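Below: the structure, in structure tokens.
Each reported figure results from applying straightforward, stated rules to the coordinates on display, with no laboratory input. Remember, it's a predicted structure, so these values are computed and weren't measured experimentally. Here Cβ is always computed from backbone atoms with ideal geometry, including for glycine, and neighbour counts include all displayed protein chains.
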Amino acid sequence: MPGEEGRPFHMVTPLLESAALSRAAGTKVYMKLENTQPSGSFKIRGIGYFCQQVARRGCQHLVCSSGGNAGLATAYAARKLGIPATVIVPGSTPPLVVRKLEEQRAEVEVFGKVWDDANDRALALAEKDGWVNVHPFDHPFVWKGHSSLAQELRDCLEAKPGVVVLSVGGGGLLAGVVSGLQKVGWRDVPIVAVETRGADSYSAALQAGHLATLPEITSVATCLGAKTVAQRALDCASEWPIISHVLEDVEAVAAVEHFLDDERMLVEPACGASLALLYSGHLQQLQAEGRLCRPLPGPVVVIVCGGSGIQLEGLRALKSRLGMP
Ligand code: PLV
């Protein structure tokens, strides 16, 4: 019998049809509402699982470098497990997230400009005795935890999806979903892997045929801002039909606003990127180019990955920064 700490920390999230997204995409769209997870994003699936595993092996202190959401998941899991946590965030992480991390009783350190800087600092701290580094996207436990998402889709949908749409930062969500789809036997369901320009390290790696490191992160979708993706994410592309797609910050932010109006939920631009694929006509464009079937053999599932680093004031600020009306 698994005890309390053996139970997963994540929730089984709702899968809802969206009339607005279906209208925009010209086909039936389901939203997998990962924004309703404790800690505000899908991250608790993989990171919750990782933290449980290392706690069993005697970890005494968790340290996580994060754009915000992986840190929030770590802080949540750490509190449940009764282990202290230190979260290193880069300067690009909104102060709102720092406050939320402190509310979860994590010790917070702001270090460097982008996530990669914070990662260097976390790796150094993790050298201490009993400390364990929680990587936000590059660990098999993290992928295994994220893979539970595909099982839930399998339990909920009558027919398999025609396509799964998700956002890519370092590629942990992608790697988890691929492994989950492999497990449930939905072998021919393509995935559209969406990034914003200026955080497009997956697209860069696919084009180069090997891992590529972006010189800097210029996108406002800071939670997609890993300069280099995980090797596993790149390997997935040779095992699975993955279509990489890059769109603009303005489209991702406009999608955040549309989604708020349509579905009454506020998400980060990192998640807006996936929504923009549907709102801004990119899905139809992929169909017109013959990269996706038309009609699709099943519904679209968009992973609403969520994110806690946004409030109305922040959305307004992003719009004015991007010169949006
Ligand atoms: N965010 C990571 C990495 O940031 C973090 O530390 O929180 N959607 C949201 C809302 C996210 O927070 C993230 C990752 C992603 C998508 C992308 O997930 P990934 O990294 O597994 O591809 C720099």
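Secondary structure note: in the chain, about 10% of the DSSP beta bridges are antiparallel.
Each Lys or Arg adds one and each Asp or Glu takes one away; over the other residues whose Cβ falls under 11 Å from the Cβ of residue 19, this sums to -1. The longest part of the chain holding none of the exposed loop GluC sites (Glu not before Pro), meaning those outside H, G, I, E and B in DSSP with at most 13 other Cβ atoms within 10 Å, is 1-126. The mean sequence distance of close C-alpha pairs (under 8 Å, at least 6 residues apart), as a share of the length of the range 44-137, puts its relative contact order at 35 percent. For the chain, the relative contact order works out to 20 percent when only alpha carbon pairs closer than 8 Å and six or more residues apart are counted. Classification of the range 1-119 by its C-alpha gyration tensor yields an oblate form. The axis ratio a/c (a ≥ b ≥ c) is 1.5 or more, and b/c is at least a/b. For the chain, the longest principal axis of the Cα atoms and the long axis of helix 249-263 meet at an angle of about 80 degrees. For the range 192-301, the set of trypsin sites (Lys or Arg not before Pro) satisfying both a DSSP loop assignment and a count of at most 11 other C-beta atoms within 10 Å is given as 264.
How large is the helix-only mean residue ellipticity at 222 nm for the chain, computed as the sum of -39500 (n - 2.57) over DSSP H runs with n ≥ 4, divided by its residue count, in deg cm²/dmol to the nearest 500? Theoretical 222 nm ellipticity from helices: -13000 deg cm²/dmol. Reported to the nearest whole Å, the Cα centre-to-centre distance from the range 1-67 to the range 147-162 is 15.
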